[in-house]
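Notes follow once the structure below has been shown.
Here, each number is a calculation from the coordinates, and none is a lab measurement. What you see is a predicted model; the values in this text were computed from it and never measured. Counting neighbours? That spans all protein chains shown, and the Cβs are built from the backbone with ideal geometry, glycine included.
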Amino acid sequence: MTPLLPPPPHLQALLRQSAALHDHLCPRQILGVRSALLAAQYLNLPFPRSDKRVLVFVETDGCFADGVSVASGCWLGRRTMRLMDYGKVAATFVDTRTGQAVRIAPQTDLRQRVKDARPEGQKRYDAYLEAYQTLPDDALLTVQEVELTLDLKGLISVHGKRVICEGCHEEIINEREVVHGVQVLCPSCAGQGYYRPGG
């Protein structure tokens with residue numbers, strides 16, 4: 001396995017922030033933080049961001065997503081992160097000004113390499129914690145330049161636009177309404193909902 005390097009000082013500060021969200025530090029938080037730090041290099045932008053220039057698509061929820069958020073400054077609440085629930089520890093970072101996008105994921109054999117290289121008696125979990133902090137980027141993560149297949153402008157939408165659904169009469173923000181014939185409907189009333197009324 002590739003020799004381990006001492007973790008950079010800013011990595012430790014970000015890991016402490018991420019751990020504070022969970023009351024512990026886990027390997028996926030480290031992967032999230034490291035992925036965001038590497039994306040910053042590829043996009044040539046300083047992280048964490050306090051503006052809306054970067055949009056991140058995370059492919060799983062949980063600890064990994066929180067690590068990405070802490071290091072990138074992109075959060076669901078800021079509308080700078082989207083969950084694409086693929087069940088993968090991966091994220092795509094998009095510069096919304098240039099359209100440049102990079103997808104970053106752990107190398108496919110990473111877990112096995114770390115497991116095989118751990119010292120006798122070391123628990124796998126502890127081996128992952130140590131290796132994910134100290135392996136160089138090129139032994140830890142894969143980076144792939146990608147093109148988005150969705151309408152980035154439409155996803156970001158226009159701030160302040162609001163309409164009322166003609167079905168349920170609830171407010172719709174962020175241009176998520178569906179025009180169905182002459183009716184303006186929310187996705188649920190248009191038959192695209194993730195729920196249906198009970199009872």
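Figures for the structure shown
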| read-out | value |
| --- | --- |
| GNM top mover of Arg78, Arg97, Arg34 - the chain, alpha-carbon springs below 10 Å | Arg97 |
| Linear extension gain, Ile156 paired with Asp138, 0.36 nm per residue minus alpha-carbon span | 3.3 nm |
| Mean Kyte hydropathy of -0.5 or more with a Cα span along the axis of at least 18 Å, helices from DSSP in the chain | 9-22, 27-43 |
| Loop sites in the stretch 119-199: chymotrypsin sites (Phe, Trp or Tyr not before Pro), DSSP, at most 16 other Cβ within 10 Å | Tyr194, Tyr195 |
| DSSP beta bridges in the stretch 1-110 [antiparallel fraction, %, rounded to 5] | 75 |
| The stretch 21-100: chymotrypsin sites (Phe, Trp or Tyr not before Pro) in DSSP coil with no more than 13 other Cβ atoms inside 10 Å | Tyr86 |
| Kirkwood-based shape ratio for the chain, expressed as Rg/Rh from alpha carbons | 1.07 |
| Additional length obtainable on full extension of the chain from His10 to Asn174, 0.36 nm per residue less Cα span | 55.5 nm |
| Per-residue HN-Hα couplings for the stretch 183-199 [Karplus 6.51, -1.76, 1.60; θ = phi - 60°; Hz; x = Gly/Pro] | 8, 9, 10, 6, x, 5, 5, 7, x, 10, x, 8, 9, 9, x, x, x |
